Amino acid sequence: MSVIEAFIDATEPIAMFLSILQQTPHWVWGLLAVLIVAGMKQTEARLRSVRSATLLPFVMTGLSFYGLASVFLHEPVALAAWVLGVAAALALCNALGVWRGVEWSTADRSLLVPGSWLPLSLFMTLFVLKFGVGVAVAQTPALTLDTHFAALVGLGYGGFSGAFAARGLAMWRVIRQAARRGELRGAPLNEARGGARGKA
């Protein structure tokens, strides 16, 4: 093999990667920017309204399921793997107390959500998974009929869905406890607030 041929072989993966980036729709990068901004906001402790604190986890759960259904809706094994992934992630998050620390602020009648880098990490990993699956399927359409590939992807998406759902459920547990104590009356539903109390 000549030096030129070796150079071409070495640079071919780079050229392929650049080609993939060039052919990626612009809205994909817009979605990435939105996820980054949303994830960065989660790194700071904030006072959150009931609705704003619980909506995002369930939106991300739905987005994760959509990523699976848009490619493997016809594959029962993918849906079964998704359910298994959801159950496993829910159990693991609850057992480890991954989303612990959420409190109800009686004075502000809002949820006090501690800052965490985990949501951003989940957002980015989910994006990479969806992007990777999209590229793989575009290059090899037969993968949509591959049972093992469908099961693996379904399990991955299910894990993300379960992790996001676990966060939403953790919020609701705190809200339900506050409601039992009679502290929920008059709580704002739509506003999300930060400030010194939220960052304490």
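Taken together, the criteria place Thr106 among residues that are modelled with pLDDT under 90, farther than 15 Å from Ala78 by Cα and not aliphatic (A, V, I, L, M).
Selection over the range 139-156 of residues that are more than 20 Å from Thr24 (Cβ to Cβ) and outside any helix (DSSP H, G or I) gives a count of 1. Given the residues Leu155, Leu122, which is the only one that is buried (at least 18 other Cβ atoms within 10 Å of the Cβ), hydrophobic (A, V, I, L, M, F, W, C), farther than 20 Å from Pro76 by Cα and modelled with pLDDT of 90 or more? On inspection, the qualifying residue turns out to be Leu122. With the requirement that a residue be under 10 Å from the mean Cα position of the chain (by Cα) and free of Cβ contacts under 8 Å to residues at least 40 places away in the same chain, what does the range 122-147 give you? Across the range 122-147, the qualifying residue is only Thr125.
Regarding Thr54, is this residue among the hydroxyl-bearing types (Ser, Thr, Tyr) and at pLDDT 85 or above? Against the criterion (among the hydroxyl-bearing types (Ser, Thr, Tyr) and at pLDDT 85 or above), Thr54 does not qualify.
With a requirement of 1 or more residues that are surrounded by fewer than 19 Cβ atoms within 10 Å (Cβ to Cβ) and in contact with a Gly (Cβ under 9 Å, 6 or more places away or on another chain), the strands (runs of 3 or more DSSP E) lying completely within the range 14-116 that satisfy it span 103-105.
The values are calculated or read from the model by the stated rules, or taken from the named source; none is laboratory data. All of these numbers come straight from a predicted model, not from anything done at the bench. In this analysis, Cβ positions are derived from the backbone assuming ideal geometry, glycine residues included, and neighbour counts consider all displayed protein chains.
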